[in-house]
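What follows is calculated from the coordinates using simple rules that are stated; it is not laboratory data. Everything numeric here is computed off the predicted structure, so don't read it as measured data. As a convention, Cβ positions derive from the backbone with ideal geometry for all residues, glycine included, and neighbour counts pool all protein chains shown.
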Amino acid sequence: MPLTPLEPWIKSKIGLAATEPLTRPLLEGYQLRKLRETMAHARRHSPFYRKHLQGCGEPDSLEEVALLPFTSPADVQEDDLRFLCVSRAEVARVVTLRSSGTTAPAKRLHFTAADLELTVNFFHHGMSTMVQPGQRVLILMPGELPGSVGDQLVKGLRRLEVEGIVHGLVHDAEEVLHSIETLEIDCLVGIPVQVLALARHPAATALPPNRLKSVLLSADYVPAAIVLEVSAVWGAAVYNHYGMTEMGLGGGVECSRRCGYHLREADLYVEVVDPESGRPLPDGERGEVVFTTLTRWGMPLIRYRTGDLARFLPEPCSCGTVLRRLERARGRLAGTVRLSNGGALDITDLDEALFPLPLLLDYQAVLSEDDGRDVLDVTIKTTATDNGEASHQVLRALFDVPAVRAAVADGSLTLRAAGHGAFITTGSIKRTVLDRRKEHIC
Ligand SMILES: [Zn+2]
């Protein structure tokens, strides 16, 4: 099993010679040094961190990092400019993130040219897991703007002598499948539900055998049912990438073992904490992912709470790396809503129950209240071959979710499913059960 290419890359980034083995103590010593440098830089230049870290000593060990306060998304939403550590003239790109279905203010992230280069460098080395020189990659993500995900991916791939072609989000699956054939595409990069829509199109199986060698799915959470379907249709190796804008787009990518993300540990210090107490959790226990940037100078983030749920896999990866592995199966804190009967409904449970349905391409679940009862409305996008049976299948599949079954049985939940023509999920919106009841309890 080949070693993840992230290991030699990280080894060179932390200044080790090619002959010197990377060890956890060497890597963690580097992380502590960079974390202290980041703290000092943030305190000196960011009005937010000057106040936020007042009275906090610099950690003498990575264990002591747990004594530092968290940074929340709300802190960034409140006033992003207070995080800036450089002049606005030095900012090369500002990314604005808006949450769907809420009135929360937008979140803005600022990156210098050097910050953007860190991401290109990660894409260069991360993509070498799945593509070879001379191959072509079709990127089903936005890429028109300099510094956008597609633009940075093209730059990273160029360093591997791989041609990246930005297509943008999928609106016409047939046209994309035609492009894969005529442009002789070897690898696809896209968001899971959009790639699923390609795989479930009638023309998907008409692609020449072995045309697609690999597919990279990128999102905060990748349903296992989608990975299985995409690999079954094309026989391509399906890799997963974990990242978010706040991490500098890229966070971690699977090695050829495809069993958990290896993280860019020279740029990010990642922790998993108990979402309620905030205490760091031991490897193997699931909690909230929290990260600290180690090399970002424009807008560093210290102990940023992602809202993502995951755990570190305690067993070493069979690729032989010393890098840690974050599990692939995951959800979001905001992805769980409390039903009126006390049950917990999680978007990941709905995903795993619904995406195996062959007629389904995408869906959205909205919880509302009618006369004191919960109502779960599932809006679905289905394949062209659906003659109306998909909504019945969706209702039946929802009964496989224990929380749904229990709530329907005790009369506290009504289910409804209806069709919709357009894609519901886009790359900028995180999948969640939207809770439109009067009292929002997460
Ligand atoms: Zn590995």
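Assorted remarks:
- Taking a ≥ b ≥ c as the square roots of the eigenvalues of the Cα gyration tensor, the chain is oblate, since a/c reaches 1.5 or more and a/b is not larger than b/c.
- Kyte-Doolittle mean at least 1.6 and Cα axial length at least 20 Å: DSSP H helices in the chain: none
- Helical contribution to [θ] at 222 nm, DSSP H n ≥ 4, -39,500 (n - 2.57), averaged over the chain, rounded to 500: -8000 deg cm²/dmol
- Placing +1 on the Cβ of every Lys and Arg and -1 on the Cβ of every Asp and Glu, with no other charges, gives the chain a dipole of roughly 920 debye about its Cα centre.
- Sequence ranges 312-322, 185-195, ranked by mean other-Cβ count within 10 angstrom, highest first: 185-195, 312-322
- Cα-based reach from residue 13 at 12 Å (exclusive), listing aspartates and glutamates while leaving out same-chain residues under 8 positions away: 265, 267
- Scattering profile of region 333-435 at q = 0.14, 0.21, 0.22 Å⁻¹ [log10 I(q)/I(0), Debye over alpha-carbon scatterers]: -0.50, -1.11, -1.21
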